[in-house]
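Asks: Got a structure for you, written out below as structure tokens; questions coming shortly.
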Amino acid sequence: MLASAAAVAAVVWAVAAVPVSLAFVLRAVLSSTDPVAVSALGRRLSLPAKVQALVQGESLFNDATSLVLFQIAVSFAVAGTAGTSMAGAVLRGAGQFAVLAAGGAAAGGVIAAVLIRCAAASPTRCWKPCSR
């Protein structure tokens, strides 16, 4: 995703003659995928439920990544006027991304552990898959 962000920003910079920092802001705005569209496409293609879950999870991860990219890109765009260094903007964005990723992994691990314990104790009371 980061490589595609750099490539699109380079094309926007070359074609539209906008500053590189604003090209990255535009790329960050356009980079997120729509999880609803992804799930609708998965249903239309009759993908297995496990594959759909993986694709939806990846789509949500891309959304989070694009939000952090947007924040870093905006920080780059205003770094010259706000007296902030580019390195400081990158480190701040990378730190926030690491905190969000670790927090998401921890929350997912806790929820999975609770559901696994509950399902082991009583599979029918804890988790009942949706039936169509």
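Asks: I'd like the residue in the stretch 29-77 that is assigned to a loop (DSSP other than H, G, I, E, B) and within 22 Å of Gly108 (Cβ to Cβ) and, out of all such residues, is modelled with the highest pLDDT.
Replies: Taking the candidates together, the pick is Pro48.
Asks: Which residues, taken from the stretch 34-59, are surrounded by fewer than 10 Cβ atoms within 10 Å (Cβ to Cβ) and either among the small types (Gly, Ala, Ser) or in contact (Cβ under 8 Å) with a residue 24 or more places away in the chain (or both)?
Replies: Scanning the stretch 34-59 gives a single hit, Ser46.
The values are calculated or read from the model by the stated rules, or taken from the named source; none is laboratory data. All figures in this text were calculated on a predicted structure; none of them were measured in a lab. Cβ: placed from backbone, ideal geometry, glycine included. Neighbour counts: every protein chain shown.
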